Amino acid sequence: MEIASLHVLGKRIAAFFSRVRPARVIALWRVLRPMEKIIFLACFGIACVGIVWLGIHAYETNTTIIPARGGVFSEGLVQQPQSINPVITNGNETDALLEALIFSGLLKPDGQGGVMPDLAQSFEMKNDGTVYVATLRDNIVWHDNQPLTAQDILFTIDMMKSPALQHPLANFWNSITVQALSDKTIAFTLAKPYVFFPQYLTFKIIPKHVWENVPVNQFLLSELNSKPIGSGPYQFKKLTLDSTNATKQYTLVRFPRYYGSGPYIDTIAIKFYPDTAAAENALRKKEIASFANIPWDDIRAIEQTQRIITLQKPVVPTTIALFMNMNADILKDVLFRKALAYAIDNNAIVQDVFHSYAVPLDAPALVASSTQYIFNPTQSQIFLNALGWKDTNNNGIRDKKMSSRAKTPTELDISLIYLDAPDMQAIAGHIVKNLHDIGVNVALTALQKNEFMNRIDNKSFELILASETTLTGSVPDIYPFWHSSQQAILGLNISQYTNKEIDRIVTDIRKANDPERINILLDGFANRIRADVPAAFLVRPQWTWAIENYIHMPDILFINTPAQRFARANEWYIYTKRIWNN
């Protein structure tokens, strides 16, 4: 019903009642019999309810619910912040989370595995994918109300390229020519097409006018790292410390001159706790509205709480695998590698370590599901027997004479290193048991992070339990992990795997714009990897985030990093209101 027709109806009803004299109504009431009075009152009540219902229905039909401003959102964290500065990378997830709220990029993750405009109002690919041109929105300002221009983008990239900051993308940006065509337009020229380039334009911009007078070698010491100035939906308001000078709370407030939609929530409070148990207790007591990175064995208890909490479970493309050094003598035979792969019970790892919050794999995450290397220790034993490994002394460990001159057999021993962390320790324990069951003795070594990374960089291991995460959205760029050129020191080809077909496939994926073509290439990659077994792929853990139901947000189905869950925080809201339709 149109509003105009409702207005006419209202006038007619008012005119009718204006002709009804009270004295006549009273006289009529007096002559009615009791049953007639009941019928009259019932009809009158029904009429009133009908009028109210029509009014409500007309209001709801002719109005739309939209987000309203107001409210406070609180997130619990355990890790203390260090440097809230996008060009300082230290692996601190808390820094990255705060940067996602305070700073902006040309593009940002859309929560579906792709990207969407952020600072850029338009983004265009030219010259067959070797040139990208981004145009900034109008009237973008920093939190200190200074204008944001193309010069800020160039300055940020220059800082990422600075040797003093050792940014992981320094080499990437050194290979790209960046030009400011105007204060609002930036051109990026690549040496060759790279379909994943838009994913790299989600980097956060820092203000040139704030940082240009700070020597690069003093960036880490600047107070601006704890009281940052950005251009994102939320700006820094207050830093609260506890009695030990540890960070107790970061308070952010909505930026009124934000260029995009929203933000709607007035205040975001990031609260810090000494450990996971304290943060989970705060969630139960409603001191915070959300908490992420929940330990696998605690998730079930959170799910069963009586509070109305949603468990967000976006896909995070992390692969946990047992990588095999292809240059180690014992691992050069593909039958031996297959024997190891068949011996590992992925499903038991999913159940026992991750409490079912993981997906078993037999290829890198996002490439294939578990279809071929199903737990089959009998097949493992067949392969080992074929290779001459037998338990001649019945001690449970296989052995064989390594040469015709050998007088005594050599036992089947292999070494495995892993990062000293609870999850990895538990997975390693499963692997040791599974391999022992087929007669392989595993020498297990837990390493601290620095030594672990050093062993990866130098490829100093036989077996290594490690995780890899792609950072290019729902289509993985697997070139850095599997191209033969990435075997050198600091390269990410952990297994030192060489295959010309794989080199061609991972190179072609970087140039392919057609999704169907990409899927064909990924299938070919998965089939070749399964055949050669440079690693036993184990699981993709399920990342979990508990959040109150009253926080409304766009669907978050895919993130590359935990901080990306805040990429669209400007669209979050707690309250709603109605507006009349046009």
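The values are calculated or read from the model by the stated rules, or taken from the named source; none is laboratory data. None of the values given here were measured: they were computed from a predicted structure. Here the Cβ is made from the backbone with ideal geometry for all residues, glycine too, and neighbour counts use every protein chain on show.
Summed over segment 52-75, the residues that are surrounded by 13 or more Cβ atoms within 10 Å (Cβ to Cβ) and more than 42 Å from the chain's Cα centre (by Cα) give a count of 2.
May I ask you to verify whether L384 is closer than 27 Å to T276 by Cβ, without any contact (Cβ under 8 Å) to a residue 60 or more places away in the chain and not acidic (D, E)? For L384, the condition - closer than 27 Å to T276 by Cβ, without any contact (Cβ under 8 Å) to a residue 60 or more places away in the chain and not acidic (D, E) - is not met. Of the helices (runs of 4 or more DSSP H) entirely within segment 444-560, those holding at least 2 residues that are under 24 Å from Y373 (Cβ atoms) occupy 479-482, 500-509, 515-532. Take the residues in segment 165-192 that are in contact (Cβ under 8 Å) with a residue 60 or more places away in the chain and surrounded by 15 or more Cβ atoms within 10 Å (Cβ to Cβ); name whichever of them is farthest from W211 (Cα to Cα). Among those residues, the one meeting the criterion is L190. Scanning segment 76-102 for residues that are buried (at least 16 other Cβ atoms within 10 Å of the Cβ) and either part of a loop (DSSP other than H, G, I, E, B) or outside the structural domain of R565 (by TED's automatic domain parsing) (or both) yields V78, P81, Q82, S83, I84, N85, P86, V87, I88, T89, N92. Looking at segment 305-342 only, could you name the residues that are of a type in the set (G, A, S) and out of contact with any Asp or Glu (no Cβ under 7 Å at 6 or more places or on another chain)? Passing the criteria: A321, A339, A341. Quick check on segment 424-437. Is at least one of its residues in a loop (DSSP other than H, G, I, E, B) and either farther than 29 Å from V359 by Cα or not assigned by TED's automatic domain parsing to the domain that holds Q564 (or both)? The answer is no; no qualifying residue exists. For segment 127-144, the criterion of a residue being touching a helix residue (DSSP H, G or I) at 6+ places or on another chain (Cβ under 7 Å), loosely packed, with under 15 Cβ neighbours inside 10 Å and not hydrophobic (A, V, I, L, M, F, W, C) is satisfied by no position. In segment 451-469, the condition of being over 19 Å from I349 (Cβ atoms), surrounded by fewer than 22 Cβ atoms within 10 Å (Cβ to Cβ), touching a helix residue (DSSP H, G or I) at 6+ places or on another chain (Cβ under 6 Å) and among the small types (G, A, S) is met by no residue.
The lone criterion from (1) in a strand (DSSP E or B); (2) out of contact with any Phe, Trp or Tyr (no Cβ under 6 Å at 6 or more places or on another chain); (3) not β-branched (V, I, T) left unmet by Q235 is number (2). Assuming N245 fulfils every condition listed in (1) touching a residue at least 40 places away in the same chain (Cβ under 8 Å); (2) assigned to a loop (DSSP other than H, G, I, E, B); (3) not acidic (D, E) apart from one, which condition is it? Among (1) touching a residue at least 40 places away in the same chain (Cβ under 8 Å); (2) assigned to a loop (DSSP other than H, G, I, E, B); (3) not acidic (D, E), N245 violates only (1). Here N281 meets the list (1) in the same structural domain as G429 (by TED's automatic domain parsing); (2) outside any loop (DSSP other than H, G, I, E, B) almost entirely, failing just condition (1).
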